Amino acid sequence: MKENREIIGFIRDVFKTDNFIPLHAPIFVGNEKKFLNECIDSTFVSSVGPFVDRFEKDLTKYSGTSHAVAVVNGTTGLQIALQLVGVQNGDEVITQALSFVATSNSIHFAGASPVYVDVDYDTMGMSPRYLRYFLEKNAIIKENKCFNKSTGKRIGACMPMHTFGFPCRIDEISSICKEWFIPLIEDAAEALGSEHKGQKIGSCGDLGVFSFNGNKIVTAGGGGVIVTNDQNLAKRAKHLTTTAKLPHPYEFVHDELGYNFRMPNVNAALICAQLEELDNFLKNKRELAELYANYFQTNPLFRKEMKETKANYWLNCIEFKNLKERNAFLEESNKVGVMCRPIWTLSYLLPMYKDCQKDLQENAIQLYERIVNIPSSVRI
Ligand SMILES: *Cc1c(COP(=O)(O)O)cnc(C)c1O
């Protein structure tokens, strides 16, 4: 077992600094200032503009989908995606408790309640085995719709998450969802550039959503995008996020309750410049992951991408033996300005979601007790 002090020294060597090391900081080394200036000079800073259109086109290279609709952040993107597949007030959505709170919040904002199925220990994402087990035990199909026998509610969608950019077993989850008539939405917020068996993450379900918050692999300041191969869903996404306004040269007519969720052009300018750098960032992060992988060969152990998958290595993970070792490391590293983080508190432990249905969650609990994220920024 390596001493914590030695590990912290290694991270300092990797980032070549004695100053504070953040977990993940954005970097701006490309056309960011140029595009932002162009945006301001044009006066088109708000919710329409050429950078929004350009971004929606550029992004599809990384999402592997035919359509992309830019939105103000990932959370609203997930909420709209849920509404687009028909999730309504009083429905349930199957997801994982091991996720950032936004996953569950988006389900709540769509009027539904989360149901938590455990993750796989190796992928840290939703377990197809436990998903099937949950459905076989609790669900019933009536007129091509799936209902939860124990609560009487409709299961309106399934929303797995690709934890820290590591793909979950999305192909198996997709087949199970098809069998059970459950629409599939990928919370791909952390996984831009990741792949599963050659398929780009974000393109594996009915809809996928990425986030461009300041801590993600590329940033718009704040922003998100809904992606899909279904032209009608894309059209509906654009309509719902732009106040459901009907096109007209001057009249204001809105044909349903819509949202002001479109990404402003000024944020799109920033993300257009960032996307130009994404291939470099992915390469740079893979090199960092290799350094870590060589160093952390035993306890703690580095988490590598799984066979037949490509991770974007957004946040690197090391795995301790138990909660005590994890806590000792977090205490020591954060005290000396090397920012390290545990996995989020599992969602069903939060006051808003404490009454939600869940299975045993053995893997999620163990991962929470053992995994630590270590500094993962792109190194210049
Ligand atoms: C970042 C993130 C979101 C939400 O994105 P925002 O742009 O911050 O709203 C959703 N889900 C997961 C798993 C995330 O990491």
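The value for segment 94-248 of Rg(Cα) / (2.2 N^0.38 Å) is 1.05. Entry note, the chain: relative contact order of 25 percent, from Cα contacts under 8 Å with a spacing of 6+ residues. Apply the membrane-span-like helix rule to the chain: whole DSSP H runs, Cα extent along the own long axis of at least 27 Å, mean Kyte-Doolittle hydropathy at least -0.5. List the helices found. Those that clear 27 Å and a mean of -0.5 are 265-295. The share of accessible area on the chain that comes from carbon and sulfur is 52 percent, using a 1.4 angstrom probe.
Considering only protein heavy atoms, with the full assembly of protein chains and a 1.4 angstrom probe, order E308, E56 by accessible area, largest first.
My answer, sorted largest first, is E308, E56.
Of the peptides 119-131, 362-374, the order by per-residue mean of other Cβ atoms within 10 Å, starting with the highest, comes out as 119-131, 362-374.
Loop-located chymotrypsin sites (Phe, Trp or Tyr not before Pro) across segment 190-250 with a Cβ neighbour count of 14 or fewer within 10 Å are Y250, with loop assigned by DSSP. In straight-distance terms, cross-link reach from K145 covers every one of the aspartates and glutamates whose alpha-carbon lies under 17 Å from its own, apart from those fewer than eight places away in the same chain; here that gives D91, E92, E136, E179, D206. The number of Lys pairs in segment 1-126 with C-alpha atoms less than 23 Å apart, excluding pairs fewer than 8 positions apart on the same chain, is 4. A simple count of charges around R154, restricted to other residues whose Cβ falls under 15 Å of its Cβ and scoring Lys, Arg +1 and Asp, Glu -1, yields +1. Restricting the trypsin sites (Lys or Arg not before Pro) of segment 177-211 to loop positions (DSSP other than H, G, I, E, B) with no more than 15 neighbouring Cβ atoms within 10 Å leaves K197. Here the peptides 27-39, 158-170 are ranked by packing, the mean other Cβ count within 10 Å, and the order with the highest first is 158-170, 27-39. Of the residues I80, I271, I21, the one that moves most in a GNM of the chain with alpha-carbon contacts below 10 Å is I21. What does the charge dipole of the chain about its Cα centre add up to, to the nearest 20 debye, if the Cβ of each Lys and Arg holds +1 and the Cβ of each Asp and Glu holds -1? With only Lys, Arg, Asp and Glu charged at Cβ, the dipole is about 260 debye. Relative contact order of segment 194-352: 18 percent, from C-alpha pairs under 8 Å at least 6 residues apart in sequence.
Partner aspartates and glutamates whose Cα lies under 14 Å from the Cα of K321, excluding those fewer than 8 positions away in the same chain, are identified as E3, E369.
With the convex hull of its Cα atoms as the shape, segment 193-311 has an orientation-averaged projected area of 10.1 nm². When the Gaussian network model of the chain links Cα atoms closer than 10 Å, the mean-square fluctuations of D279, D53, D18 top out at D18. The spacing between segment 148-163 and segment 93-134, judged by their C-alpha centroids, is 8 Å. In the context of the full set of protein chains, segment 162-289 has a per residue accessible area of 38 Å² (1.4 Å probe). Candidates L59, S113, M124 compared by Cα position along the dipole of segment 29-135: farthest toward the positive end lies L59, with charges placed on Cβ. Taking Cα centre as origin and charging only the Cβ of basic (Lys, Arg, +1) and acidic (Asp, Glu, -1) residues, the dipole magnitude of segment 131-248 rounds to 420 debye.
Expressed as a fraction of 2.2 N^0.38 Å, the C-alpha radius of gyration for the chain is 1.00.
Rounded to the nearest 20, the size of the Cβ-charge dipole of segment 1-126 about its Cα centre is 380 debye, with Lys and Arg at +1 and Asp and Glu at -1.
The values are calculated or read from the model by the stated rules, or taken from the named source; none is laboratory data. This structure is a prediction, so every number in the text was calculated from the model and none was measured. Neighbour counts run over all protein chains shown; Cβ positions are idealised from the backbone, glycine included. Quick note on the areas: whole protein, heavy atoms, side chains included, nothing else; ligands and nucleic acids left out. Shrake-Rupley method; radii C 1.70, N 1.55, O 1.52, S 1.80 Å.
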